[in-house]
Amino acid sequence: MLEKALSGSKKYWAWIIFLLAVIAVGFFSYMRQFNYGLGLTGMSRDVSWGLYIAQFTFLVGVAAAAVMLVTPYYLHDFKRFGKMVILAEFLAIGAVIMCILFIFVDVGQPMRILNVLLYPQLHSVMFYDMCVLCGYLAINLIVGWTTLGAERKGVHYPNWVKPIIYLSIPWAFSIHTVTAFLYAGLPGRSFWMSAIMAARFLASAFAAGPSLLIILALIVRKVSKFDPDPDRNAIPSLVKIIRYAMIANVFFYLCEVFTAFYSNVPEEMASFKYIFVGIDGHATLVPWMWTAAFLAFLGIALLVFPTRKNPVLLPIALLSIYFANWIDKGVVLILAGFVPNSFDRVVDYIPTANEISIVLAVYAVGALIVTVLYKVAISVREQQQA
């Protein structure tokens, strides 16, 4: 079916060429980093995880969000999601591949990744994180490609796929839960060491991931003859999930803020002060955090009131929720965890141009993969409709 991705309009090929150009620039930047080392990034002894790991953390949630359609459709026979579920599975494939690439570029010398396989440490959360990511990628590839191939032939998907589909449901929860445990289990990092971290991760994932999926579905509807929601029932149902998940995410966050400041423990309050008001003149993340807070409440308000039915305001609400979660997990969460350092000092982290170029290239790889997979899925669906 991949041959269907080799034909398309001029806009389609212009988009592909643009993504390849971004990837080429990023690859050149990565080769500079490979030869020189991680000294080309803004990371240091005090801030050892930067933009790479922050994007990995956020994208794991985007990948896990596919379960919001897989569970109702396959487990509860919720037919409304029938045409959108393949888009969710293919989005998960692109997101997981980006997660793996961000870990790859963060390691420095890529050969070190082999140490995880050659010398596995069963007590290491990083080892289990690698296992669940690779497993989830394989599950979505098998399920998505097999079900789409069966649909192309006009037959029901094979029965052996059913157990894998059921397995994907707890597996989706596990990839983000294990990632949360990676941070929540670190002593000395008060900002991360929270029992509610896994719940926060899942709530934000079930808000940001479906938001991106709906935006992509709206784009697919506009640029092709395939309508992922012909009866106009799937998107409103998914919006309900996003609304409640985002409210839960904000509630969990406010619980952590209350606990930190009501306890009046300096170590617990330091990171929150850094991101909301700054510490000793260091306020790099303050504009980011207040922007995320504004977007979060704006998105919730637009989805709670009847404005969610407005075709113009709905994308604005979804983009607000998506970028609010991206700022929270893709920028603030990781960087604020390193404040203050072991000497009770604040060390600001500013990503370099080389680092940003690599990040954009990884996102371009993910966009290219999703574009190709969506092109195949759309072509098959258009063929079936014809």
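Do you know which residues across segment 71-97 are open to solvent by 10 Å² or more (accessible area, probe 1.4 Å), over 21 Å from residue 58 (Cβ atoms) and part of a helix (DSSP H, G or I)?
71, 72, 73, 74, 75, 79, 80
Answer yes or no as to whether residue 257 is surrounded by fewer than 15 Cβ atoms within 10 Å (Cβ to Cβ), aliphatic (A, V, I, L, M) and under 26 Å from the mean Cα position of the chain (by Cα).
Numbers: surrounded by fewer than 15 Cβ atoms within 10 Å (Cβ to Cβ): yes; aliphatic (A, V, I, L, M): yes; under 26 Å from the mean Cα position of the chain (by Cα): yes.
Answer is yes for this residue.
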Answer from 8, 61, 26 - the residue that is outside any helix (DSSP H, G or I) and touching a residue at least 60 places away in the same chain (Cβ under 8 Å):
8
Single match in 165, 113, 100 (criterion: assigned to a helix (DSSP H, G or I), more than 24 Å from residue 185 (Cβ to Cβ) and hydrophobic (A, V, I, L, M, F, W, C)):
165
Taking segment 115-158 and keeping only residues that are of a type in the set (Phe, Trp, Tyr) and surrounded by 14 or more Cβ atoms within 10 Å (Cβ to Cβ), one is left with 127, 128, 136, 145, 157
Between residues in segment 238-266 that are free of Cβ contacts under 8 Å to residues at least 12 places away in the same chain and residues that are loosely packed, with under 15 Cβ neighbours inside 10 Å and of a type outside the set (Ser, Thr, Tyr), which pairs lie under 6 Å by C-beta distance while being six or more apart or on different chains?
none
Under 27 Å from residue 45 (Cα atoms), touching a His at 6+ places or on another chain (Cβ under 8 Å) and either at pLDDT 95 or above or open to solvent by less than 50 Å² (accessible area, probe 1.4 Å) (or both) - does that describe any residue in segment 321-334?
no
Within segment 35-55, which residues are open to solvent by 50 Å² or more (accessible area, probe 1.4 Å), closer than 23 Å to residue 335 by Cα and either without any contact (Cβ under 8 Å) to a residue 60 or more places away in the chain or assigned to a helix (DSSP H, G or I) (or both)?
38, 39, 45
Flagged in segment 170-224 as open to solvent by less than 20 Å² (accessible area, probe 1.4 Å), β-branched (Val, Ile, Thr) and either in contact with a helix residue (DSSP H, G or I) (Cβ under 6 Å, 6 or more places away or on another chain) or not in a helix (DSSP H, G or I) (or both), in numbering order, are 175, 179, 214
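The values are calculated or read from the model by the stated rules, or taken from the named source; none is laboratory data. The model shown is predicted, which means the values in this text are computed figures rather than measured ones. So basically every Cβ, Gly included, is an ideal-geometry build from the backbone, and we count neighbours across all protein chains shown. The protein model used for the area step is the full one, side chains on, heavy atoms only, and it has no ligands, DNA or RNA in it. Shrake-Rupley method; radii C 1.70, N 1.55, O 1.52, S 1.80 Å.
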